[in-house]
Amino acid sequence: MAGCFKVGLYWQGLTHDLSKYSPTEFLTGARFYQGTRSPNTAEREEKGYSEAWMHHKGRNRHHYEYWTDINKETRQYESLHMPRRYLVEMVMDRRAACMTYQGKSYTDGAALTYFRNSMERTRMHPNTQKELDYILEMLRDKGEKRTFSYIKKHVLKGKPFPWEES
């Protein structure tokens, strides 16, 4: 919420992850809470899947998994390019998760390290992946203040990313 507020996404900050209060997600969170990783991971280890995660990603647009659909030509599931306001909310979500799970060892590079070490980037739409990587790299290299300013003045205003400029 705080990150969204800092870049002007007030409604998204207020409504972020409200599905976590549904029985499907809340009960899993309470049962599998550990404080150092997602309860969904523990649920997945026990059951072989996470019902809470499947519920969550289908209701929250700041998760790239929400942005998948069947291509009418190929009839295959494909990732879609995320709208910028949800891309920004995803940045804030990843940053906050790293702060929560890493505690005092958190650095501005934590979300980028996690992202680059994960397989999820290969499942995202290439444009979403490139934009997310760029913003997280900026967070690591230039810090929160400059990155949030860039998000507010460029990303959310629809200005082109550096590689889009002609």
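Worth a mention:
- Sorting 1, 124 on solvent-accessible area from highest to lowest, probe radius 1.4 Å, gives 1, 124.
- Here the extension length gained between residue 69 and residue 97 equals 7.4 nm, from 0.36 nm per residue of separation less the Cα-Cα distance.
- Under 11 Å, Cβ to Cβ, from residue 9 - net charge with Lys/Arg +1 and Asp/Glu -1: +3
- From the C-alpha gyration tensor of the chain, square roots of 5λ in Å: 26, 21, 15
- Portion, in percent, of the accessible area of the chain that falls on carbon or sulfur, probe 1.4 Å: 52 percent
- Over 24 Å between alpha carbons, listed pairs 72/157; 130/153; 47/130; 20/142; 6/157: 72/157; 47/130; 20/142
- Accessible area per residue for the chain is 62 Å², calculated with a 1.4 Å probe on protein heavy atoms, without ligands, DNA or RNA.
- Dipole magnitude (debye, nearest 20) for the stretch 1-151, charges at Cβ of Lys, Arg, Asp, Glu: 300 debye
- Summed over qualifying helices (DSSP H, 4 residues or more, each -39500 (n - 2.57)) and divided by its residue number, the chain shows a 222 nm mean residue ellipticity of -16500 deg cm²/dmol.
- A 1.4 Å probe over all protein chains sorts 5, 161, 32 by accessible area into 5, 32, 161, starting with the largest.
- Nearest-10 value in Å² for the accessible area of residue 107, using the 1.4 Å probe: 80 Å²
- For the residues 23, 39, 126, a GNM of the chain with alpha-carbon springs under 10 Å puts the largest fluctuation on 23.
The values are calculated or read from the model by the stated rules, or taken from the named source; none is laboratory data. Keep in mind that this is a model prediction, so the values were computed, not measured. Positions of Cβ are generated from backbone atoms using ideal geometry, with glycine treated the same way; all protein chains shown enter the neighbour counts. The protein model used for the area step is the full one, side chains on, heavy atoms only, and it has no ligands, DNA or RNA in it. Shrake-Rupley method; radii C 1.70, N 1.55, O 1.52, S 1.80 Å.
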